[in-house]
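Data first, discussion second: the structure below is written as structure tokens.
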Amino acid sequence: MTLMIFFGVIIIAVILALIRAVKGPTAPDRVVGVDIMVTITVALMVLLGIFFKRRIYLDVSLIYAVLSFVGVIAVARYLDKGL
Amino acid sequence: MNQIIGYIVMGVGVAFLFLGALGVFRFPDVYNRLQAGTKCTTLGAFLSIIGAGIVEPTWFLKCLIIAVFILFTNPISAHALARASYKSGVKLWDKSVVDKCKDFEECAKAQEDDK
């Protein structure tokens, strides 16, 4: 029951970040939106692991965190001095 | 008892996540958004994952690894992104008062070029 409330709040947060990612006027705005969305999703996946009692969700969220870090660094480098 | 403490920690973390996303949605320019979003979601994700580890004590080590990874890498990516967006010529908000990066040569040049 408590987890359900948490899921609702997190879904609203993801939607807010997604609106920023779609609407953002410049390219860094969109990257910020996607980055925040991914960080929230990492937490959401750990909570889903608690909910379904499956340990595999922890691995998924760890890999997702690594991928988001690499992706944001790559985009930052691209904005800075090009590929 | 473990369950109650874990769910309280998790709830605080989820509240921080929501406030971070709200800041990203409402603040006026890239730098404000980065500040709100990164600080709030780093603490929020840390607390919710640690709370999950407290609720299920056998998962605690793996949860700690994920949480510490987020705690280390999130500020790095935010810093790289802010630096890149300043250098690629994104302007500050009109009402921003302090711009210390302007004193350095390469940053000032990047902002001048794009006018």
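The values are calculated or read from the model by the stated rules, or taken from the named source; none is laboratory data. Bear in mind that the values here come from a model prediction, so they are computed numbers and not experimental data. Virtual Cβ from ideal backbone geometry, glycine too; neighbours counted across all protein chains shown.
The set of residues in the stretch B:9-30 being in contact with an Asp or Glu (Cβ under 6 Å, 6 or more places away or on another chain) and of a type in the set (Lys, Arg) is empty.
Of the candidates B:72, B:46, the single residue that is surrounded by fewer than 20 Cβ atoms within 10 Å (Cβ to Cβ), more than 7 Å from every other protein chain (Cβ to nearest Cβ) and at pLDDT 90 or above is B:72.
Return yes or no: is residue A:68 at the interface with chain B (Cβ under 7 Å from one of its Cβ atoms), at pLDDT 90 or above and part of a helix (DSSP H, G or I)? Against the criterion (at the interface with chain B (Cβ under 7 Å from one of its Cβ atoms), at pLDDT 90 or above and part of a helix (DSSP H, G or I)), residue A:68 does not qualify. With respect to residue A:79, determine if the residue is in contact with a helix residue (DSSP H, G or I) (Cβ under 6 Å, 6 or more places away or on another chain), in contact (Cβ under 8 Å) with a residue 24 or more places away in the chain and more than 8 Å from every other protein chain (Cβ to nearest Cβ). Judged against the criteria, residue A:79 is not a match.
Among the residues of the stretch B:75-112, just one is within 13 Å of another protein chain (Cβ to nearest Cβ), of a type in the set (D, E, K, R) and either farther than 20 Å from residue A:76 by Cβ or touching a residue at least 60 places away in the same chain (Cβ under 8 Å) (or both), namely B:91.
The combined condition, being crowded, with 21+ Cβ neighbours inside 10 Å and either more than 17 Å from the chain's Cα centre (by Cα) or part of a helix (DSSP H, G or I) (or both), is not fulfilled by residue B:64. Could you list, in sequence order, the residues of the stretch B:7-43 that are crowded, with 20+ Cβ neighbours inside 10 Å, out of contact with any Ser or Thr (no Cβ under 9 Å at 6 or more places or on another chain) and under 24 Å from residue B:65 (Cβ atoms)? Within the stretch B:7-43, just B:40 meets the criteria. Of all residues in the stretch A:51-69, those being more than 15 Å from residue B:65 (Cα to Cα) and crowded, with 23+ Cβ neighbours inside 10 Å number 0.
Filtering B:49, B:70, B:4 for residues that are over 11 Å from the mean Cα position of the chain (by Cα), within 29 Å of residue A:77 (Cβ to Cβ) and assigned to a helix (DSSP H, G or I) leaves a single hit, B:49.
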